[in-house]
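Chemist: Below is the structure I would like to discuss, written out as structure tokens.
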């Protein structure tokens, strides 16, 4: 019951995983029976409307993630904007996540959608976590703007954009929005922009460091991100060894 009160959005399997981590010997069948017997209902997310509006004069970049194997942190970052309200006024949340770990790397809570706020969020993420190899977004005008793409080019980041009307291209980002809205925003109903900012900060800390994700084998994004950094270091070392070996062979000949 305590887990449900703290996290009403946890389904049967995540509740089971947390109970096991706490030392209880249970399976999902028993948890489902207890869940039903006590009349508990999990808060499930629902789809939301897109806030992306393309600009006919902006350059659109090709989608680079098709058939790409994502096997380490900072390989691919993705971004998006979602809409919410505080006291009847509009508000927007901009977020950037690492696709390997699903870790939220940076966010911004604003009352207007513009390229500057997106650039600010991008620079914050890069200051904290380094430079990604690929940056993926939809074709919203904020992300296709020259101001935004010039920052990515300056740091040597490959630019990838989802195809129009293909919401599944950015499915992991969409899943984060569902979680944020139905596990926090719609439950707490923030009344002001500063309050919303504090709320989003608290949720991101929970999402990254506490919440168990079934897609991550019931681990946290923080843990998987750190693991993915080691994977990246190993790949870079292997690449360096391969290049050195090839150079030595050329020197022999």
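Chemist: Assigned by TED's automatic domain parsing to the domain that holds residue 63, within 15 Å of the chain's Cα centre (by Cα) and crowded, with 19+ Cβ neighbours inside 10 Å, is that true of residue 109?
Modeler: It is false that residue 109 is assigned by TED's automatic domain parsing to the domain that holds residue 63, within 15 Å of the chain's Cα centre (by Cα) and crowded, with 19+ Cβ neighbours inside 10 Å.
Chemist: When you go through 212, 124 one by one, which is the residue that is within 30 Å of residue 17 (Cβ to Cβ), modelled with pLDDT of 90 or more and assigned by TED's automatic domain parsing to the domain that holds residue 89?
Modeler: Just one listed residue meets the conditions, 212.
Chemist: A follow-up question, please. For residues that are out of contact with any helix residue (DSSP H, G or I) (no Cβ under 8 Å at 6 or more places or on another chain) and buried (at least 19 other Cβ atoms within 10 Å of the Cβ), tally how many sit in segment 112-122.
Modeler: 1
Chemist: All but one of (1) modelled with pLDDT of 95 or more; (2) at positive phi hold for residue 202; which doesn't?
Modeler: (2)
Chemist: Can you find a residue that is closer than 30 Å to residue 235 by Cβ and without any contact (Cβ under 8 Å) to a residue 40 or more places away in the chain anywhere in segment 69-81?
Modeler: Of the residues in segment 69-81, the ones closer than 30 Å to residue 235 by Cβ are 69-80.
With without any contact (Cβ under 8 Å) to a residue 40 or more places away in the chain added as a condition, the list becomes 69-70.
The answer is yes; a qualifying residue exists.
Chemist: Now a separate question. Could you please let me know if residue 226 is assigned by TED's automatic domain parsing to the domain that holds residue 108, over 17 Å from residue 81 (Cα atoms) and out of contact with any helix residue (DSSP H, G or I) (no Cβ under 9 Å at 6 or more places or on another chain)?
Modeler: So residue 226 passes the test.
The values are calculated or read from the model by the stated rules, or taken from the named source; none is laboratory data. Nothing here was measured: the structure is a model prediction, and the numbers come from that model. Note that each Cβ is placed from the backbone with ideal geometry, even for glycine, and that neighbours are counted across all protein chains shown.
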